[in-house]
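Remarks on the structure that follows.
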């Protein structure tokens, strides 16, 4: 009888131990699920809180990229036209042509270096840069034409260089919201960034 009671007690303790282990495992599983959910919520919150600055930073980098190409083309075009004594419109035409050429080239170079085919690279360059550079060129050259004497000033005249710097800065400010709008919709430089080549 005593052996029977001892055996029953052993079975009871074993069952209690198994039940305790089961409860502990359930608790650990629930805790792990809560930790996972907390981590996911925190990650999503970080993405939301940093979403706008990231968009602004991408738009800023795209604007500076386009501005670099446009600046090189503008300086060369206006300097050549002014140096040769051309009238306003041929000078502006040369500056615009060179600005677009250098702007597209700066986008094409990393794409081609990454092994992208010419046709695909050209399509991305046109899609990502055209609207931004058009905005810059319209504003930049418009300001140069409007400022009295800027287009007629010689290359050694501070008026020429001061007007050019001012016009490029204003052009960059005008192009920033354009780039931001395009990138927010997955267009513009977002297309190039999507290929991780820029």
Just order 79-85, 121-127, 154-160, 61-67 by mean Cβ neighbour count inside 10 Å, highest at the front, would you?
-> 61-67, 121-127, 79-85, 154-160
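Determine, for each peptide in 108-115, 92-99, the mean count of other beta carbons within 10 angstrom over its residues, then list the peptides with the highest first.
Numbers: 108-115: 14.5, 92-99: 20.5.
By packing density, highest mean first, the sequence is 92-99, 108-115.
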Across the alpha-carbon set of segment 77-145, Rg over Rh with Rh taken as the Kirkwood radius works out to 1.09
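Calculate, in whole percent, how much of the Cα-Cα pair population of segment 52-193 lies beyond 19 Å. Working shown, then result.
Values: 5017 of 10011 pairs.
When every Cα pair of segment 52-193 is considered, 50 percent fall beyond 19 Å.
Just so you know, all these numbers are worked out from the coordinates, no wet-lab data involved. Small disclaimer: the values here were computed from a predicted structure and weren't measured. Heads up, the Cβs are rebuilt from the backbone with ideal geometry, glycines too, and the neighbour counts pull from every protein chain shown.
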